[in-house]
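Engineer: Dropping the structure in here first, questions after.
The values are calculated or read from the model by the stated rules, or taken from the named source; none is laboratory data. Quick caveat: nothing in here was measured; it's all calculated off a predicted structure. Heads up, the Cβs are rebuilt from the backbone with ideal geometry, glycines too, and the neighbour counts pull from every protein chain shown.
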Amino acid sequence: MDARRNVIEIAPNGVGPLLRRWRESRHLSQLGLALEAEVSARHISFVETGRATPSREMLLTLSNVLDVPLRERNVLLQAAGYAPIYRETRLDDPRMAQVRTALDLILKQHEPRSAIAFDRHWNLVMVNGAFVQLITLALGHPIPDLEPMTILDPQKFNLLKMLFAPEGIRRLIVNWEPLAKALLNEAYQSASWARDETMQRLIAEVLAYPGVPTRWREPDLEAPQALMLPFEMKVGDTIARFFSTITTLGKPQDVTLQELHIESFYPADAVTESLTLPPA
C-alpha cells in the first residue's frame, strides 16, 4: 500500500497540537526540544500555537528528535499540508521478498522454541513450526489454517482475540488475568495515541467477551508494570512457563516494517524446557 493511500485522521487544529502532544509525551520542554533540534525555542512555540508553519524538513527533524513512529510522521506531515513520505507495503507484496526471507530465517532459527510475528493490531502474520506444535499439543487439536512459515491472513488470527475468547487458549492460561490486563493496557495506549479506530473496535470486541471484568472498561494506564510477565499455560497435565522477548527491525523506512514485532518464547523452568526439546 502506497503512503498516499493511507487513511489518516487529521486534527482540526493542524500540526501544532499534534507536535505538542509528542513533545509532552517525551517529557521535553520547548527549550529542550529546541536545543536537541538545533532551532530556537521561539520557533517551537510558534509552531505549536499555529503562528508558524514548519517546513517539511523541520517536521522530519523534530520527528527524529521525538522518535515519532513513521505512521504518525505521515500524520504530522499531512496536518501541516505536506504529502506523506513513508509508504505502507503489504508483506505479500513482491517488494517485500527480502523481508519475508529474513522473517523466515529468524523464526526458523528459533526452533525448537516457539516464535511468532505480529502487526500493530496483534494480528499474527507468521509463526514457526514449534509454535503450531505447542498450541496443538495444548488444545488437543490443530487450529485450521494456522500454517507455519507462511504469510497468514491478518483477519484470521488475532492474539488479543485468541487470548480473550473463552473458547480459545484463554481456558489454558494459568495467569490469564494479569497477562490479559497487561496486553489490554498496551492496546488502550496504542489506541489513544494513534487515534486508531481499528484498535478501538478490537478493544470493544474483546471487552464484550463473557467473563471479562467490567472494571477493565476503564483504562488503567497509570498502573505499575511488572518487570517481566511470564506466560503460564496448561499443556496436558503440565504447567508450561515461558518468558518472551520482543524484537523489532532497526531503522525501517516502511510503516509495515516498523510496526512488525517478533516475539520469541523461552522456557522458564526445566519442565517447560523438556516440552520444547525435539524428541530423542
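Engineer: Scanning for something among the hydrophobic types (A, V, I, L, M, F, W, C), exposed (fewer than 14 other Cβ atoms within 10 Å of the Cβ) and assigned to a loop (DSSP other than H, G, I, E, B), does the stretch 182-204 turn up at least one residue?
Structural biologist: No, the stretch 182-204 contains no residue that is among the hydrophobic types (A, V, I, L, M, F, W, C), exposed (fewer than 14 other Cβ atoms within 10 Å of the Cβ) and assigned to a loop (DSSP other than H, G, I, E, B).
Engineer: Now a separate question. Test Val75 against the criterion of being buried (at least 17 other Cβ atoms within 10 Å of the Cβ), outside the structural domain of Val47 (by TED's automatic domain parsing) and either out of contact with any Cys (no Cβ under 7 Å at 6 or more places or on another chain) or farther than 28 Å from Arg26 by Cα (or both), and give yes or no. Before the answer, list the steps.
Structural biologist: Details: buried (at least 17 other Cβ atoms within 10 Å of the Cβ): yes; outside the structural domain of Val47 (by TED's automatic domain parsing): no; either out of contact with any Cys (no Cβ under 7 Å at 6 or more places or on another chain) or farther than 28 Å from Arg26 by Cα (or both): yes.
Judged against the criteria, Val75 is not a match.
Engineer: Of the residues that make up the stretch 102-125, is at least one β-branched (Val, Ile, Thr), in contact with a Pro (Cβ under 9 Å, 6 or more places away or on another chain) and modelled with pLDDT of 90 or more? Break it down into steps so the answer makes sense when it comes.
Structural biologist: Keep residues of the stretch 102-125 that are β-branched (Val, Ile, Thr), which gives 106, 116, 125.
Imposing the further condition that a residue be in contact with a Pro (Cβ under 9 Å, 6 or more places away or on another chain) reduces the set to 125.
Applying the additional criterion that residues be modelled with pLDDT of 90 or more yields 125.
Taking every residue of the stretch 102-125 in turn, at least one turns out to be β-branched (Val, Ile, Thr), in contact with a Pro (Cβ under 9 Å, 6 or more places away or on another chain) and modelled with pLDDT of 90 or more.
Engineer: Residue under question is Ser114, and the condition is that it be in contact with a Phe, Trp or Tyr (Cβ under 9 Å, 6 or more places away or on another chain) and either assigned by TED's automatic domain parsing to the domain that holds Pro154 or not charged (D, E, K, R) (or both); does it hold? Explain how you work it out, then say what you get.
Structural biologist: Working: in contact with a Phe, Trp or Tyr (Cβ under 9 Å, 6 or more places away or on another chain): yes; either assigned by TED's automatic domain parsing to the domain that holds Pro154 or not charged (D, E, K, R) (or both): yes.
For Ser114, the condition - in contact with a Phe, Trp or Tyr (Cβ under 9 Å, 6 or more places away or on another chain) and either assigned by TED's automatic domain parsing to the domain that holds Pro154 or not charged (D, E, K, R) (or both) - is met.
Engineer: Further question: Are any residues in the stretch 147-169 basic (Lys, Arg) and in contact (Cβ under 8 Å) with a residue 40 or more places away in the chain, and if so, which ones? Explain how you work it out, then say what you get.
Structural biologist: Going through the stretch 147-169, the residues basic (Lys, Arg) turn out to be 156, 161.
Hit for the stretch 147-169 is Lys161, nothing else.
Engineer: Looking for something among the charged types (D, E, K, R) and at pLDDT 90 or above - is there at least one such residue anywhere in the stretch 134-152?
Structural biologist: First pass over the stretch 134-152, keeping only residues among the charged types (D, E, K, R): 145, 147.
Those still in the list that are at pLDDT 90 or above too: 145, 147.
There is at least one residue in the stretch 134-152 that is among the charged types (D, E, K, R) and at pLDDT 90 or above.
Engineer: Please give the number of the condition Arg90 fails out of (1) surrounded by fewer than 14 Cβ atoms within 10 Å (Cβ to Cβ); (2) farther than 30 Å from Leu124 by Cβ.
Structural biologist: With respect to (1) surrounded by fewer than 14 Cβ atoms within 10 Å (Cβ to Cβ); (2) farther than 30 Å from Leu124 by Cβ, Arg90 is out only on (2).
Engineer: I need the full set of residues from the stretch 155-188 which are over 24 Å from Glu232 (Cβ atoms) and either at pLDDT below 90 or of a type in the set (A, V, I, L, M, F, W, C) (or both), in order please.
Structural biologist: Applying the first criterion (over 24 Å from Glu232 (Cβ atoms)) to the stretch 155-188 yields 155-156.
Result: Gln155, single match.
Engineer: Among residues belonging to the stretch 119-146 that are in contact (Cβ under 8 Å) with a residue 40 or more places away in the chain and over 14 Å from Glu259 (Cα atoms), point out the one that is nearest to the chain's Cα centre (by Cα). If you could, list the steps in order and put the result at the bottom.
Structural biologist: Narrowing the stretch 119-146 to residues in contact (Cβ under 8 Å) with a residue 40 or more places away in the chain: 119-122, 125, 130-131, 134, 137-138.
Still in the running and over 14 Å from Glu259 (Cα atoms): 130-131, 134, 137-138.
On the way: Ala130: 22, Phe131: 19, Leu134: 23, Leu137: 27, Ala138: 25 Å.
So the residue we want is Phe131.
Engineer: Please verify whether the stretch 245-255 includes one or more residues that are over 17 Å from Leu160 (Cα atoms), at pLDDT below 85, of a type in the set (Val, Ile, Thr) and not in a loop (DSSP other than H, G, I, E, B).
Structural biologist: Within the stretch 245-255 (the criterion being over 17 Å from Leu160 (Cα atoms), at pLDDT below 85, of a type in the set (Val, Ile, Thr) and not in a loop (DSSP other than H, G, I, E, B)), the answer is no, since none of the residues qualifies.
Engineer: Here's something else I'd like to know. Just to be sure before I move on: is Ala102 in the same structural domain as Ala37 (by TED's automatic domain parsing), surrounded by fewer than 20 Cβ atoms within 10 Å (Cβ to Cβ) and either free of Cβ contacts under 8 Å to residues at least 12 places away in the same chain or among the β-branched types (Val, Ile, Thr) (or both) in the structure I sent?
Structural biologist: Values: in the same structural domain as Ala37 (by TED's automatic domain parsing): no; surrounded by fewer than 20 Cβ atoms within 10 Å (Cβ to Cβ): yes; either free of Cβ contacts under 8 Å to residues at least 12 places away in the same chain or among the β-branched types (Val, Ile, Thr) (or both): yes.
The answer is no for Ala102.
Engineer: From (1) surrounded by 20 or more Cβ atoms within 10 Å (Cβ to Cβ); (2) part of a helix (DSSP H, G or I), pick out the condition that doesn't hold for Ala117.
Structural biologist: That leaves (2) as the condition not met.
Engineer: Something else about it: With the checklist (1) hydroxyl-bearing (Ser, Thr, Tyr); (2) under 24 Å from Leu260 (Cα atoms); (3) free of Cβ contacts under 8 Å to residues at least 60 places away in the same chain; (4) part of a loop (DSSP other than H, G, I, E, B) in hand, flag the one item Tyr82 doesn't pass.
Structural biologist: (2)
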